[in-house]
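Visitor: Starting off with a structure, shown below.
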Amino acid sequence: MKIPVGIPVFVAAAGTNPNFAKMVSRWLISAGVWLLFASVVGLLEAFRLVDPEILADYAWLTFGRMRPVHTMTMLFGWASMALVGLAFYVVAKSTLAPMHEPMKKAELFLANLAMVLCNVGVAVGAVAMAMGDVNAGREYREWPWYAMAPVFVAVGICGLLFYRMVARRAVEGIYISCWFVMAACFWMAIVVVMGYQTFWTAGIPDRIVDGFYIHNAVGMWFTPLCVGMTYYALPKLLNKPIYSYALGVLGFFTHLVFYTVIGTHHYIFTPLPMILQTTAVICSVAMIVPVWASTGNFLMTMKGEGLAISHSYSLPFLFVGVVGYGLASVQGSAEALRFVQEVLHFTHYTVGHAHFAMYVFVTFLIWGCIYGLVPRMTGREPPILLVSIHFWLALAGIAVYVIGLSVGGHVQGESWLEGEPMMESVRVSAPYMVWRAVGGLLMVVSHIFFFVCLWRMRPGAFTMAYAGAGK
Amino acid sequence: MGLNIHTNHRMLFFIPAISYLVLVYLCAVWPAMVEMEAMEAVPKPFEDELPAIGRKLYGSYNCVTCHTQQIRGDERKATDVDGVRTTPVLTADARFGRELATRAEEYAWQDPVFMGTQRTGPDLSSTGRRLPAVQWHYWHLYNPQAVSPGSLMPPHRFLFTTTPPPPDEEFDYEEVLVIEGLGVKSDRLWATPDAKALVEYLLSLKREHLEQGRLAK
Ligand code: HEM
Ligand code: HEM
């Protein structure tokens, strides 16, 4: 075992264009703010599933409206904004762009504009839904169209910027991270168009599009962006090449084929066309290929680096995130099987899977990339003690959350199979709602520590002072 | 540059983009278009005004996050009974729809469809038949715990008022019988027009159009 001898972060950061660093930080800090906001809303919802009387007298705060405020803000405010911010840095670095001017002035302006548009969209969406303008029954697109429109434009702008950065790369080959980033922006644009062009569907066709939308939003946007970020951050932080580049390419194409067609696994045993249901189940299982092409690749890269991981404050997050990707997806493949659907569909178990994937995979990977890469851009490191507290609180919290809901979901599903009265299933799963609230509380506290660390890494006088050094 | 996607960014952009568009067409657009044709063969159901407003409110308060409107059936075990295709209902769903799994035509013309993906509360696809009492729904919306102890459903007290409605609008409101345990601070309570519409919608959920005499009650 060896501890990789990386260069100190302020040397890595030397010469970075301060306006570029500021632009990236604006995306990340916006994301951090939305994370805090959506966490508080999530915690409110978690406690309400223990005691529904909490803050129950206001129509705008009612459970049904706050739930999409939590999910949409987490998905688009937190995860998307953080990933796009990181992607600017990763694309610049992996195309060997000159860091004193990775983007032209006009491009920087557009990137900042996209950041503002995203923030506007997320804020407008939250307010509109609280006021009752909910795109109901359409999960993860509950925002009215006028909230999604600015975000859609922002995705378009970013896609264009990434394409231009890749086009003028200083190396011949295009690194796999850029594959995922470029494709994800295009895929997401199509997903949003599909999700919001609802004039031509009703009835069952509306649900065909719904299944497509739900899983393509998570599968063709968050997942490729996260995987792309990891392909850059992990080798960089370990100071060694990725285990197998070919596996990455295999992962990319199988991801594209299998992930696109599995949407109907949200509608097994419904009147949706049987061929779609069967395709969804089969390809959900086939998802093991792209998932393990990436996960296996990352794990093999980390093999033998235990000491480095335990001495780093960013690598443990990446490690948890990679393992989380593998496990959450295997869990997803199993959930799609018909005999599992029969018991666990509609239960709290699904919420457990959603958080396992969006938290242990997406959120932990984002944190790992932020802690690993941002200091190399701004030259400022977070207080290590706070990072450790963040790590352990978040990990303990999500463990309690997911284990609680997985058991609770089983208990709930079994009660339905037994044919007991509906209220019995509410009663037997009630203790696990408390688990979730407790786990959620730990997670929310950890997010405060994260935000402090993020703030401490923002570009400051230091970034400016070293900005000239690399020219 | 050549056509190698490892070195040609145009190819790298267009190959995943076009493959994706083709797949999206095959797995979502095309099946949806085929099903739209099937749906358009079903006559558009007549909708009363009040339930239609109630349906919008059901969306606005997003009741669909906790309630499904679907009875799952195992299509693979479907049989023809007297020329009618019958799909056996899954055990877990039997309590809500002992008779029949939901069929495509029940959702015809609904936009959006409140099928739901989570069942924190019971399925509502035939609430109107199971729970036909208007007053019960008012009590339940006002304080679910009063009629279902231990319920996790949020109270919707903001849909009610204790100030008497103005005389010219009296018709739009409906007085609620105040029962014990409801937790009303005054001795009279009115359901607002919104509450009335919402309950009308719940009562309209009967799957009646499927009964046509052939279903065992
Ligand atoms: C801060 C801690 C968090 C708490 C306390 C929390 C709590 C909740 C609660 C109570 C629900 C509603 C579940 C239900 O209706 O039964 C929910 C749903 C959801 N949350 Fe969170 N959450 C947290 C963090 C996150 C994060 C970080 C993300 C994503 C990045 C996220 C994404 C989601 C999604 C996608 C759903 C919908 C799940 C489904 O429909 O199955 N949550 N959360
Ligand atoms: C191979 C990979 C995966 C497969 C096969 C899979 C499968 C599934 C299935 C079958 C469900 C529906 C469960 C039910 O309602 O009964 C589901 C729900 C969900 N999955 Fe996955 N999953 C995978 C990976 C992921 C990843 C990577 C994410 C996040 C980035 C994710 C996020 C979600 C969310 C948010 C839901 C909740 C949707 C809802 O409540 O309507 N999944 N998944």
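Visitor: Given Cα pairs under 8 Å that are at least 6 residues apart, what percent is the relative contact order of chain A? Could you put the intermediate results ahead of the total?
Guide: Numbers: 730 pairs, mean separation 99.5, N = 471.
The normalised contact order for chain A reaches 21 percent.
Visitor: Further question on the same structure: Sequence-distant or interchain residues sharing an amide H contact under 5 Å with B:Leu90, placed H: which?
Guide: The answer is B:Arg72, B:Gly73, B:Asp74.
Visitor: How far is helix A:315-336 tilted off the main Cα axis of chain A, in degrees rounded to 10, range 0 to 90?
Guide: 30
Visitor: If you take every residue apart from A:Thr71 with its C-beta less than 9 Å away from the C-beta of A:Thr71, what net charge results, scoring Lys and Arg +1 and Asp and Glu -1? Kindly include the intermediate steps, with their values, before the conclusion.
Guide: Working: positive: A:Arg67; negative: A:Glu139, A:Glu142.
Net charge around A:Thr71: -1.
Visitor: Give me the percent relative contact order of segment A:314-471, please, defined on Cα pairs under 8 angstrom at least 6 residues apart.
Guide: On the way: 194 pairs, mean separation 47.2, N = 158.
The normalised contact order for segment A:314-471 reaches 30 percent.
Visitor: Compute the Rg to Rh ratio over chain B from the alpha carbon atoms, using the Kirkwood formula for Rh, and round to two decimal places. All intermediate terms of the calculation are to be shown ahead of the outcome.
Guide: Details: Rg = 23.4 Å, Rh = 20.8 Å.
Taking Rh as the inverse mean 1/r over Cα pairs, Rg/Rh reads 1.13.
Visitor: Something else about it: Around B:Leu189, which amide H atoms from residues at least 5 apart in sequence, or from another chain, sit under 5 Å from its own amide H, with H modelled in the peptide plane?
Guide: For B:Leu189, the qualifying residues are B:Val176.
Visitor: Longer than 27 Å from Cα to Cα, which of B:Lys44/B:Lys77; B:Lys77/B:Lys206; A:Lys22/A:Lys303; A:Lys104/A:Lys236 are they? Say none if no pair is.
Guide: Numbers: B:Lys44/B:Lys77 29 Å; B:Lys77/B:Lys206 25 Å; A:Lys22/A:Lys303 35 Å; A:Lys104/A:Lys236 25 Å.
Violating the 27 Å Cα-Cα cut-off are B:Lys44/B:Lys77; A:Lys22/A:Lys303.
Visitor: From other protein chains only, count the Cβ atoms within 10 Å of every residue's Cβ in B:11-24, then give the mean. Mind showing how you got there, number by number?
Guide: Working: counts 1, 8, 10, 1, 3, 13, 6, 1, 5, 11, 3, 1, 7, 10.
Other-chain Cβ atoms within 10 Å of each residue's Cβ, averaged: 6.
Visitor: I want to check the label-to-label distance for A:Trp60 and B:Ala38. Put each point 7 Å from Cα in the C-beta direction and report it in nm to one decimal.
Guide: Each label point lies 7 Å from its Cα, and together they span 4.4 nm.
Visitor: With θ set to phi - 60°, apply the Karplus curve 6.51 cos²θ - 1.76 cosθ + 1.60 along segment A:110-125 and write out the HN-Hα couplings as whole Hz, x wherever there is a Gly or Pro.
Guide: Result, ordered by residue: 5, 5, 5, 4, 4, 4, 5, 4, 4, 4, 4, x, 5, 5, 4, x Hz.
Visitor: Something else about it: In deg cm²/dmol, rounded to 500, what helix-only [θ] at 222 nm does the protein assembly as shown give when every DSSP H run of at least 4 residues adds -39500 (n - 2.57) and the total is split over its residues?
Guide: Working: 27 runs with 408 residues, N = 688.
Calculated from helices alone, the mean residue ellipticity at 222 nm is -19500 deg cm²/dmol.
Visitor: In sequence order, what are the phi-derived ³J(HN,Hα) couplings for segment A:240-250 according to the Karplus relation 6.51 cos²θ - 1.76 cosθ + 1.60 with θ = phi - 60°, rounded to whole Hz, with x for glycine and proline?
Guide: Running phi through 6.51 cos²θ - 1.76 cosθ + 1.60 with θ = phi - 60° gives 8, x, 5, 4, 9, 6, 4, 4, x, 5, 4 Hz.
Visitor: Excluding B:Gly150 itself, calculate the net charge of residues whose Cβ lies under 13 Å from the Cβ of B:Gly150, where each Lys or Arg counts +1 and each Asp or Glu counts -1. Please report the intermediate quantities before stating the final value.
Guide: Numbers: positive: A:Arg427; negative: A:Asp51, A:Glu53, A:Glu424.
Surrounding charge for B:Gly150 is -2.
Visitor: Also, I was wondering about something else. Among A:Ser329, A:Gly296, A:Trp435, pick out the residue whose Cα is farthest towards the positive end of the charge dipole of segment A:283-440, where Lys and Arg carry +1 and Asp and Glu carry -1 on C-beta, about the Cα centre.
Guide: A:Gly296
Visitor: Then there is this: How large is ³J(HN,Hα) for each residue in segment B:188-197, as worked out from phi by the Karplus curve 6.51 cos²θ - 1.76 cosθ + 1.60 (θ = phi - 60°), to whole Hz, x for Gly and Pro?
Guide: So the Karplus estimates, Gly and Pro as x, are 10, 8, 10, 7, 6, x, 4, 4, 4, 5 Hz.
Visitor: Within the set of other residues whose C-beta is less than 12 Å from the C-beta of B:Trp139, count the net charge using Lys and Arg as +1 and Asp and Glu as -1. Working shown, then result.
Guide: Working: positive: B:Arg157; negative: B:Glu180.
Result for the neighbourhood of B:Trp139: 0.
Visitor: Separate question: For the charge dipole of chain B, defined by +1 on Lys and Arg C-beta atoms and -1 on Asp and Glu C-beta atoms about the Cα centroid, which residue among B:Pro164, B:Asn8, B:Leu26 has the Cα displaced farthest towards the positive pole?
Guide: Working it through, the farthest residue towards the positive pole turns out to be B:Asn8.
We did not get these values from a lab; they are worked out from the coordinates using the rules stated. As the structure is a prediction and not an experimental result, all values here were calculated from the model. With ideal geometry, Cβ positions are generated from the backbone for all residues, glycine too; neighbour counts draw on all protein chains shown.
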